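The values are calculated or read from the model by the stated rules, or taken from the named source; none is laboratory data. The shown structure was predicted, so the numbers you read here are calculated from the model rather than taken from an experiment. Using ideal geometry, Cβ is built from the backbone for each residue, glycine included, and neighbour counts are taken over all protein chains shown. Heads up: the accessible areas ignore ligands, DNA and RNA and are worked out on the full protein's heavy atoms, side chains in. Shrake-Rupley method; radii C 1.70, N 1.55, O 1.52, S 1.80 Å.
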Amino acid sequence: THTHTHANDPSLYTYCSSSTMQLKVVLPSGEVNVPVEPNSTPGHLKENLKYSIRVPPKLIKLTCEGRELDDIKPLCAEPNNLVDGSIVLAEAREGVPDEPETKSEAKRPAEPTMIKKEEPPKPKKVKKDVVRPTLAEGDVVKKKVLSEGKKAWKPEWIEGKCEKRHMAFVRFEAVDEKKVYPDQDEGAISFAVGDPSTSPVWSAAVMQMKIGEKAQFQVPKKAVEYDLEGFLPSDFCATWNIELLSIAEALDVHQDYSQLMVITNPGGKDRAEDLDGAAVHWRIRRWTAEGMFCIASSRERIAIMPGYGLVPIEDQNAPPVTVSVGEGRQEAVEAVAMKCGPGGSGHLYLKTEALKGNRPQGCVIMDVEVVALDPNRGPGTSGWKGWQSLVIEREMGDEWLEQADGRRKQLETFGTLRKSTGDTKDAEAHVSGQVHKFANNAARRYRRVLKWIEMENSEDKKMKLEKCTVQMRLAKSSTLSFQRFGDAAEAAPSDEEKKAIAEALAILKEVLATGEELKNDNLIYEGQKMALQVHIQAEDVTAARQVLEKLLAMRPDDDELKSDSARINRLEGVLNLKKGANTIETVQKDLQAAITATDKEKVSELVGKLYDMIKGGEVTWDTVRTLKVGKDVGNAMKMGDPDIAASARKVVGEIQALAQRAGIGL
């Protein structure tokens, strides 16, 4: 908690214990025990009380033993002097009108929605038989209509891959079990008609109903039990009352029922484009048969509620939060934000394995309201602020690049400590994926800045330097987007990586030309340093050494260049090992042919070559083991020639030594 401080006010420097103390807060609706930090203030307490007293904080009066508490002084300091166990009376100030008794329920402020953070996902039932039941004609029978429907609907998009689905909103009652779903007084269960992860009973039932209808059905008990994801009832019950509240059209994002998007309000005509900022409210609900409880929200605040104490609730007056569409920080929120204009809203229904990053586990529903879109889309748009907009955009790219570089260093540090094992490969792959994602986000931001700079078409020196700065960072981020780590580093670069490297070198050539034009030695030096990194990633030792020589001539005292020199030497060693791997494979094949032809002279020569290559460290243990070189050396020993056998034994000894060194990480 924060404490308001003012200079020259000695009462604020009174020592307070840092341990939490308990206050009994007496509200109009009841009492509640509240843990507080002693150095927090009555003003902070009022922020949490406004939800239960339902007036703004400034209209709340807090008293203890008849004394009104000072909003900005610590609770434990003068003049408040509260201690553990103090009783605080919280009430609206005099003159604040009470709610009229006659006020209709519809107009009364709604109770704040509590956020049930601890509500766990419904555990999946272990099924011996996971085959979806097949219904025969007459299995799902409508016994009677309990309440007439208002509108007919036509079932479509049921089988196979479809871009759209019908989302049914239903209430269920297991008549034999006397259970209701959901168990909340209001609300409905939702599912996509035809979803293969649900029992076919429910789809068959709603397809016989009108919207608004309530009817009783007789169904096969065993078929009801099938429920892979846990968002529909699975009671062993034959008689069900079903009420079809509504049908909505849903977009099936991957045409496999895993992500279903329902747009409830399309909003204004503008739509977010890639990397646009969108001001949104979001909420995450559990998707279960028992109810769709709110478990997270961008509107979360802490309230003091009688009977509950301190609880997280949704504050409907909370300001929106900003998300950058397409960056993947909150993929579900971004997906809905791209489909709605300002004032629009939608829901994304996610199964357990869908968009698992940055969200609670299990089946959830993401509710999103789009409040506004960032009007800045470059020069000529209403939100354009010139230089300020360029710097803000570039700094967003810098943030991503810094994160990508941090992850890269993690991988490289780990790689120098130990070789990848089965236990670490998944973790390495995860971090490697983060490097690529973060670097790609940075590159997209930098490309956006460069596009805007081109649109400005300024010859200003400051703008030229900014362009060069962004170009160098684009070169770094675009190549980092494809950099290989761990075992992947031993593979050949992909076409995408080669293309990124070629583009980066072309960009840096332009930077160096601008540096020469502006006679800016620092720009030239930084451009060359970036080119050096690109050449190292391209595994071009010759070009890397040429650039390193230029850099050493410019700044021989730069310690970073010593590290770069060591990296080039390590790269050269790795490339020689790769070359050796190709060479030893050729020698091995020649040896196999010579043994088959019983050409002892040739066999002796080739066994000697193998000895020199392994002894000289030109090949790795992995290569020797994979090629099974030892087997062919053993065949040479069996030819009956004592000289060949002696040479072959020396090769075997070197292979064993190579294996031992590899075993201890050398």
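Points worth noting:
- Verdict on F217 being surrounded by 21 or more Cβ atoms within 10 Å (Cβ to Cβ) and either polar (S, T, N, Q) or within 34 Å of the chain's Cα centre (by Cα) (or both): no
- Hits in the stretch 479-508 (condition: part of a loop (DSSP other than H, G, I, E, B), touching a residue at least 24 places away in the same chain (Cβ under 8 Å) and among the hydrophobic types (A, V, I, L, M, F, W, C)): F482, F485
- Any hit, the stretch 176-198, residues being in contact (Cβ under 8 Å) with a residue 24 or more places away in the chain, open to solvent by 70 Å² or more (accessible area, probe 1.4 Å) and assigned to a helix (DSSP H, G or I): no
- Taking the conditions (1) open to solvent by 20 Å² or more (accessible area, probe 1.4 Å); (2) of a type in the set (D, E); (3) over 26 Å from P375 (Cα atoms) in turn, D270 satisfies each one other than (3).
- Checklist (1) free of Cβ contacts under 8 Å to residues at least 60 places away in the same chain; (2) within 28 Å of the chain's Cα centre (by Cα) applied to V470, failing item: (1)
- When the stretch 480-493 is filtered for residues that are closer than 23 Å to Q403 by Cβ and out of contact with any Asp or Glu (no Cβ under 6 Å at 6 or more places or on another chain), the ones remaining, listed by number, are L480, S481, Q483, R484, F485, A488, A489.
- Flag for V224 being in contact with a Pro (Cβ under 9 Å, 6 or more places away or on another chain), among the β-branched types (V, I, T) and within 24 Å of C363 (Cα to Cα): yes
- Of everything in the stretch 437-462 that is among the acidic types (D, E) and part of a helix (DSSP H, G or I), the residue that is farthest from A404 (Cα to Cα) is E456.
- For the stretch 220-253, the candidate set comprises residues that are among the β-branched types (V, I, T) and buried (at least 20 other Cβ atoms within 10 Å of the Cβ); within that set, the residue that is modelled with the lowest pLDDT is V224.
- Residue count for the stretch 256-310, restricted to those that are under 19 Å from the mean Cα position of the chain (by Cα) and not in a strand (DSSP E or B): 5
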